[in-house]
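Worksheet for the structure shown next.
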There are 2 protein chains.
Amino acid sequence: MKALSEKQIIEKLKEFEGWDYYEGALHTIFEFEDFKEAFSAMTRIAFEAEKLQHHPEWSNVYNSLEIYLSTHDADGVTEKDFELAKIIDELIG
Amino acid sequence: MKALSEKQIIEKLKEFEGWDYYEGALHTIFEFEDFKEAFSAMTRIAFEAEKLQHHPEWSNVYNSLEIYLSTHDADGVTEKDFELAKIIDELIG
């Protein structure tokens with residue numbers, strides 16, 4: 001899995017809403033109604049991430065969920081990160 | 001719920017292992033075997049936090065879980081944070 005160039009990443013991000021390229025990762029923030037909704041979303045994402053064997057870097061405070069996707073082994077953003085971003089959007093959207 | 005003084009916090013932290021007072025919060029990092037173990041622990045903590053109506057600020061990367069506990073309304077660390085820290089230690093320990 002090879003890291004994409006910044007140009008490729010910016011181009012591919014055009015298909016996504018609410019994601020940006022930030023600190024070398026695909027990055028987004030979701031706001032939910034409350035903690036229960038936020039953690040429910042995290043649980044759904046966790047199962048898919050585990051299935052994909054590709055895990056997010058994420059943090060949660062009450063109803064807010066911030067996600068960074070990058071590929072450690074490739075030291076950058078790969079197709080796998082876009083795959084997980086798409087899955088996350090499908091789960092949350 | 002009143003914020004504790006730094007002196008009170010340091011004193012109370014003596015009863016805890018692996019926690020420090022950092023950036024105005026009770027702070028710890030747990031390392032698990034893998035993502036599944038980390039997220040399972042988060043799930044157990046999430047239910048207790050919700051029951052307590054007191055939620056952590058936490059971030060997870062693969063097998064690592066970093067937790068900050070503070071009380072927004074009191075703008076500091078309160079007894080409630082120590083209560084949640086104790087519950088977390090009981091769940092994880």
Quiz item: Put the label 7 Å from Cα along Cα→Cβ for A:Y62; what are its distances to the other copies, in nanometres, shortest first?
Solution: 3.3
Quiz item: Considering the rotational relationship between chains B and A, which residue of chain B contributes the beta-carbon of minimal distance to the axis, and what is that distance to the nearest Å?
Solution: B:S59, 2
Exercise. May I ask which residue of A:Q53, A:G24, A:L69 lies farthest towards the positive end of the charge dipole of region A:6-92, with charges of +1 (Lys, Arg) and -1 (Asp, Glu) on Cβ and the Cα centre as origin?
Key: A:Q53
Quiz item: Assigning unit charges at the beta carbon (Lys, Arg +1; Asp, Glu -1) and nothing else, what dipole magnitude in debye, to the nearest 20, does region B:49-93 show about its Cα centre?
Solution: 140 debye
Exercise. With unit charges on the beta carbon (Lys/Arg positive, Asp/Glu negative), name the residue among A:T78, A:L13, B:S40 whose Cα is farthest towards the positive pole of the charge dipole of the protein assembly as shown.
Key: B:S40
Practice problem: Determine which lysines satisfy two conditions relative to B:K51: a Cα distance under 24 Å, and not lying fewer than 8 residues away in the same chain. | Solution: A:K36, B:K2, B:K12, B:K36, B:K80, B:K86
Quiz item: If you put a point 7 Å past Cα along the Cβ direction, how far is that point for A:Q8 from the same point in each other copy, in nm, smallest first?
Solution: 5.6
Practice problem: Starting from the Cα-Cα distance between B:E66 and B:E33, subtract it from 0.36 nm times their residue separation and give me the gain in nm to one decimal. | Solution: 10.4 nm
Quiz item: Where the label is 7 Å out from Cα toward Cβ, how close does B:R44 come to the same position in every other copy, in nm, shortest first?
Solution: 2.6
Practice problem: Would you tell me the mean number of C-beta atoms belonging to other protein chains that fall within 10 Å of each C-beta in B:26-37, as a whole number? | Solution: 1
Self-check item: Acute angle (nearest 10 degrees) that the helix A:35-52 long axis makes with the longest principal axis of chain A, alpha-carbon atoms
Solution: 40 degrees
Quiz item: Counting Lys and Arg as +1 and Asp and Glu as -1, each charge on the Cβ, what is the dipole of the protein assembly as shown about the Cα centre in debye, to the nearest 20?
Solution: 180 debye
Quiz item: Per-residue mean of other chain beta-carbon atoms within 10 angstrom of the beta-carbon, peptide B:60-70?
Solution: 2
Quiz item: Where the only charges are on Cβ atoms (+1 Lys, Arg; -1 Asp, Glu), what is the dipole of chain A about its Cα centre, to the nearest 20 debye?
Solution: 240 debye
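Where a number appears in this text, it was derived from the coordinates with a stated rule and is not lab data. A quick note: this is a predicted structure, and the numbers were derived from the prediction, not measured. As a convention, Cβ positions derive from the backbone with ideal geometry for all residues, glycine included, and neighbour counts pool all protein chains shown.
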